[in-house]
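Participant: So that we are looking at the same thing, I have put the structure below in structure tokens.
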Amino acid sequence: MTGPLLRELRVVAGIGLRKMAARTHFSPSYLSQIENEKRPVPIDVVRAYREVLGNDPVLDVDRLAAAISEPASVGSSATEDLAVILERTRHLEDQVGAVLVTPAIRGIDTVARALVPAGGAAMASEVACYRGWLEHVGGHYTLADKALTDAAKLGEASGDGSLFEHALSFLAYTAWHRGDLARALDVTDAAIHVPGAHPVLPAYDRYQQAELLAAEGDAHRAVRALHKADRAAELTDGLEPPRHGYWYVEGFWGVQRGVVLALLGRQAEAVREASAGVAVLPAEFQRAEWLEIMLHRIDPEWS
């Protein structure tokens, strides 16, 4: 059992550090040191967390600890548990932002990678890709690139085109925002052409391609790419997005279109398209940090 894993289970359960300290009768500073690997994990703390977390099988401390030490012994159940934990953490990020969930997801990344020899490459790819996004938002660019590179390799090894495509997409995104426009364009093009990917994923990457071309100053090609992106997005109407791309829904495309139009210097159109997109996004996305990042790229004064 590791401290980061205890922290992940606590965060997913929606329990703050002080509340966990009060319930377990340990001090917040002591638990913080354990969760941040500054102290070893005593068995009495594990027992206390187990009692607080209760009977939720997904948050079973012992089973997830077994997944680290003996991944073959837990089989597909651990992968299913991690999928639920990952989903909960993503939606928690929509509410509280990336910083608060990043330390926890680092712990779950360790668990997911332990499952690779037992056929868990797909799950490990999904977790590593999400970690890469979180590290990027936090400004940890080297860690982000490493996590996303691993995610792409794991996704390709798993045979899941959607996971491979998604990891490449994020690799391109992080390259673009670190200033490596040429690499971003190359990787985005590779992502678009990954066979077997869910249709919403290359649809997004066509918008990203248009964005990159606009940033490069090639307005003609950017507009052509934007039209292709619009057509690709229209073809996804009615499709359920993959769980690792759950935000690719009606409204998101309008915001992404606004990002491209802003780079093309069409500011009024950009704001209009993005505003219309925001209006139809699910309520849970309205205050998400990732949406705020997109809107501020359209207009730094957006509020």
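Bear in mind that the values in this text are calculations on the coordinates, not laboratory data. This one's a predicted model, so the numbers in the text were calculated from it and none came from an experiment. Heads up, the Cβs are rebuilt from the backbone with ideal geometry, glycines too, and the neighbour counts pull from every protein chain shown.
Participant: Roughly how many Å is it from the Cα centre of the stretch 235-256 to that of the stretch 178-213, as a whole number?
Facilitator: So the two Cα centres are separated by 16 Å.
Participant: Between THR24, THR188, THR89, find the one with the highest GNM mean-square fluctuation for the chain; connect C-alpha pairs within less than 10 Å.
Facilitator: In this elastic network of the chain, the residue with the biggest mean-square fluctuation among THR24, THR188, THR89 is THR24.
Participant: How large is the helix-only mean residue ellipticity at 222 nm for the chain, computed as the sum of -39500 (n - 2.57) over DSSP H runs with n ≥ 4, divided by its residue count, in deg cm²/dmol to the nearest 500? Each step should come with its number before you reach the end.
Facilitator: Working: 16 runs with 222 residues, N = 303.
Theoretical 222 nm ellipticity from helices: -23500 deg cm²/dmol.
Participant: Just subtract the alpha-carbon distance of TRP302 and SER275 from 0.36 nm times their residue separation and send over the number in nm, one decimal. The partial results should precede the final answer.
Facilitator: Details: separation 27, 0.36 × 27 = 9.72 nm, distance 1.03 nm.
Computed gain between TRP302 and SER275 is 8.7 nm.
Participant: Something else about it: Among ALA232, GLY16, VAL84, whose Cα sits farthest toward the positive end of the charge dipole of the chain (+1 at Cβ of Lys/Arg, -1 at Cβ of Asp/Glu, about the Cα centre)?
Facilitator: The residue sitting farthest along the positive end of the dipole is GLY16.
Participant: Which Cα, out of HIS177, THR188, PRO199, lies furthest along the positive dipole direction of the chain (beta carbon charges, K/R +1, D/E -1)?
Facilitator: Result: HIS177, furthest along the dipole toward the positive end.
Participant: If you plug each phi of the stretch 236-248 into the Karplus form 6.51 cos²θ - 1.76 cosθ + 1.60 with θ = phi - 60°, what whole-Hz ³J(HN,Hα) values come out, in order, with x for Gly and Pro?
Facilitator: Residue by residue, the stretch 236-248 yields 8, 3, x, 7, 6, x, x, 4, 8, x, 5, 7, 7 Hz.
Participant: Using the Cα centre of the chain as origin and beta-carbon charges of +1 (Lys, Arg) and -1 (Asp, Glu), tell me which of GLY119, VAL52, TYR141 is placed farthest towards the positive end of the dipole.
Facilitator: Of the listed residues, the answer is VAL52.
Participant: Okay, moving on. At q = 0.19 Å⁻¹, work out log10 I(q)/I(0) for the stretch 99-231 with the Debye formula, treating every Cα as an identical point scatterer and leaving solvent out; two decimals please.
Facilitator: Log-scaled intensity ratios, in q order: -1.01.
Participant: Any chance you could give the angle, 0 to 90 degrees and rounded to 10, that helix 161-177 forms with the longest Cα principal axis of the chain?
Facilitator: On a 0 to 90 degree scale, this one is about 70.
Participant: Taking LYS153 as the anchor, which lysines have their alpha carbon closer than 29 Å to its alpha carbon, excluding any fewer than eight residues away along the same chain?
Facilitator: LYS228
Participant: Under 21 Å Cα to Cα from LYS38, which lysines show up? Leave out anything in the same chain fewer than 8 places away.
Facilitator: The reachable lysines, counting only those whose Cα sits under 21 Å from LYS38, are LYS19.
Participant: Right, something else. Sort HIS140, HIS244 so that the residue with the fewest other Cβ atoms within 10 Å of its own Cβ comes first and the one with the most comes last.
Facilitator: Details: HIS140 16, HIS244 24.
Neighbour counts put them in this order, fewest first: HIS140, HIS244.
Participant: Quick one: among GLY54, GLY132, GLY254, which has the greatest mean-square fluctuation in a GNM of the chain with alpha-carbon springs under 10 angstrom?
Facilitator: Greatest mean-square fluctuation among the candidates belongs to GLY54.
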